[in-house]
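The values are calculated or read from the model by the stated rules, or taken from the named source; none is laboratory data. Values in this document were obtained by computation on a predicted structure and should not be read as measured data. Quick reminder, even Gly has a Cβ in these numbers, built from the backbone with ideal geometry, and neighbours come from all protein chains shown. For the accessible areas, the whole protein counts, side chains as well, though only heavy atoms, and no ligand, DNA or RNA atoms are used. Shrake-Rupley method; radii C 1.70, N 1.55, O 1.52, S 1.80 Å.
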Amino acid sequence: SEPAAKQAIVTDELNQFMAYDLPEVQQDFIYEQHNIDSISLSIDGITCAACAWLIEHKLKQQSGIANIQVNSVTARALISCDKSQLKLSDILHQISAIGYQAAPYIVDQQEQLAKQASKKFLLRLGLAGLATMQVMMFAFALYAGFFTDLETEYRDYFRWVSMMFAAPVVFYSAQPFYFSALRSLLLGKVNMDMSVSIAILSAYIASCIATYHGNGEVYFESVSMFTFFLLLGRLFEQQAKQKATVSFNNLHKLVPLTATKLNADGQ
């Protein structure tokens, strides 16, 4: 009958989730602190913020839940609970009951390194953006002075200040391009970052020489803006790679948690 079939499905789900209550299994993904367990779950079926709210609202009603945060972008949930009051299998079953499939998520080393690199990259991008805005302000003054005969002392002042603001962009923000070009040279190859590095350094050095001698054209704003937009493009590329990594790691829950061993006495 239909009720019997439904009961069989529920029983199968409970038996599957109960495997996550084994201590030898939990040691890979549960972190205990002050008698509170922290669990990271990967959840299938989350499409919007309303889905995240529904899961949070459902689980907050369970006794033993200390805190829960559901991220609709990464399709993950971070749960803090008291395992003496609530088992992990109960949590997974409650999520399954409202139409979502969840399983413990284990962060791999590659994703951790990617997150650390992303923080450093955002710092380089932010510095390049701030410096570019400042340099562009002085560049507009220099461009305006070209048509209104700006006095030499003011022109030189704007150039020296522009050089100082552009220096962090060239020597810090643009470092990923230099390291990439250097690695390619050590491997006996030439990549696109080689031409980018040459363009940035040559334009900056030529502008510094023109500033020192007080004649010639300077391109500090071009160097800063060029570096900023290149870093912005790399940021989009990096985010796409991280999203692919997250999606791949979320698929780890498809790997069976337990297996049946066949021996001489049976299963």
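Say we look at region 60-98 and pick out the residues that are at pLDDT below 80 and surrounded by fewer than 13 Cβ atoms within 10 Å (Cβ to Cβ); which of these is farthest from Asp21 (Cα to Cα)?
Across region 60-98, the extreme among qualifying residues is Val73.
Filter region 208-267 for residues that are open to solvent by 40 Å² or more (accessible area, probe 1.4 Å) and of a type in the set (Asp, Glu); which is modelled with the lowest pLDDT?
Out of the qualifying residues, it is Asp265.
State all residues of region 160-180 that are assigned to a helix (DSSP H, G or I) and surrounded by 20 or more Cβ atoms within 10 Å (Cβ to Cβ); if no residue qualifies, say none.
Ser162, Met163, Phe165, Ala166, Val169, Val170, Ser173, Phe177
Where residues in region 42-59 are under 25 Å from Gln242 (Cβ atoms) and at pLDDT 85 or above, which of them is surrounded by the most Cβ atoms within 10 Å (Cβ to Cβ)?
If we take residues in region 42-59 being under 25 Å from Gln242 (Cβ atoms) and at pLDDT 85 or above, then Ile55 is surrounded by the most Cβ atoms within 10 Å (Cβ to Cβ).
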